[in-house]
Amino acid sequence: MKASINMNKRQAGAVSLFVVIFATLLITVITISFARLMTSDQQQATTADLSQSAYDSAQAGVEDAKRALLNYQSLCSVGGPACDMARTNIDSPVCNVSLTGVATPQNGEVMIQQTVGDKALDQAYTCVTITRNTDDYQGALQAGTSRLIPLVGTGAFDSVLVEWYSAGDLQDPTNVDLTATTTPLLSQSSWSINKPSVMRAQLMQVGSSFKLSDFDNTTNGQSNANTLFLYPVGIKNNVNAAIDTETVLIRDIRKTPTGSPLPITCSGDISGGGYACRAQLILPTPIGGGNRTAFLRLTSLYNKTNFRVSLLNSNNTVQFNGVQPQIDSTGRANDLFRRVQSRVEFSDPNFPYPEAAVQTTGNFCKNFLVTNNPSDYVNNCTP
């Protein structure tokens, strides 16, 4: 009987020991897992903080590059050796040389001034370069807004390639809506959210000399002002398929206001990148000839859109000359780096180009009278 009692006690002790060991292992595993989760979360938070700080450092480099461009523009407004030196520095492919006179690198990088609490981030931008001449002009338009683009090339050009509506413009993940094969002008509510915008393209140009009346004339195949409405229709299976090419002078909506918008065959699948709609517009010679001074005004109708404009000469790309410089900046925070590329323009934010001469949500009436007798004026304008 004693042997049986002792055996039961030994078995009970073994079970208790097993339970203690198992509980200890379980608590240890939970503790270690919890510690690993805390460490992982802390590392992710630190990495996110450093990544944002590195991005901020890169943006600081972009801002200094903007100052360098403004300094270059100021110096070259009067010309001379200082302008030539500034142009040489701006065009240098060597890191940070374009910032000469704006920032002073130390050990190959420009440190970011920080408060006492942020010094541990050790922020700097390591490399900034500026490309004045670019292969294209890129931008984004909200529905009903416009962009005025100076057409200034590094060489002669005879046409403009307009591309618009990228994957980022889709309002839902389905493909581009190109169901219509005609060009009806619908109400805003009837226009599909996944259908590319109608793009209004307005060309304004002059030759070496001009008169205001030239903007309303077409002489010997020459013109100074043209307007087209580029309407998305049809489907191309290949986004890189042949581009619709049109002569601006022939399709000017101002000369033939009863005509239809210009149909542009767009791609229905832009998931791989690129733009859905592409139209090459052949430009007329300015009235009187000579050197061309030209602007292209693009207006997005119905939907928002990203767009790209390229200059072509016999289908060969001509670079824009200083119209939209590209800044390439690499920022650092401790040992984490971020790189950004930005396009900037020489525009005055205090003097934006107007969307229209007059804009109203109600009726509008205007009388215009030229007279030297005040009694000739009668206010009989009834909208």
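The values are calculated or read from the model by the stated rules, or taken from the named source; none is laboratory data. None of these values were measured; they are calculated from a predicted model. Cβ atoms come from the backbone with ideal geometry, glycine included; neighbour counts cover every protein chain shown.
Here are the numbers:
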quantity	calculated
Residue in region 137-147 that is crowded, with 19+ Cβ neighbours inside 10 Å and modelled with pLDDT under 85 present	no
Within region 90-101, considering residues that are of a type in the set (S, T, N, Q) and surrounded by fewer than 19 Cβ atoms within 10 Å (Cβ to Cβ), the one nearest to GLN73 (Cα to Cα)	THR100
Residue that is farthest from VAL318 (Cα to Cα), among those in region 158-186 that are at pLDDT 85 or above and either polar (S, T, N, Q) or exposed (fewer than 15 other Cβ atoms within 10 Å of the Cβ) (or both)	GLY168
Tabulated pairs, region 194-217, first modelled with pLDDT under 85, second β-branched (Val, Ile, Thr) and crowded, with 17+ Cβ neighbours inside 10 Å, C-beta under 6 angstrom, 6+ apart or interchain	ASP214/ILE287
3 or more residues more than 17 Å from ALA201 (Cα to Cα): qualifying strands (runs of 3 or more DSSP E) within region 249-319	316-318
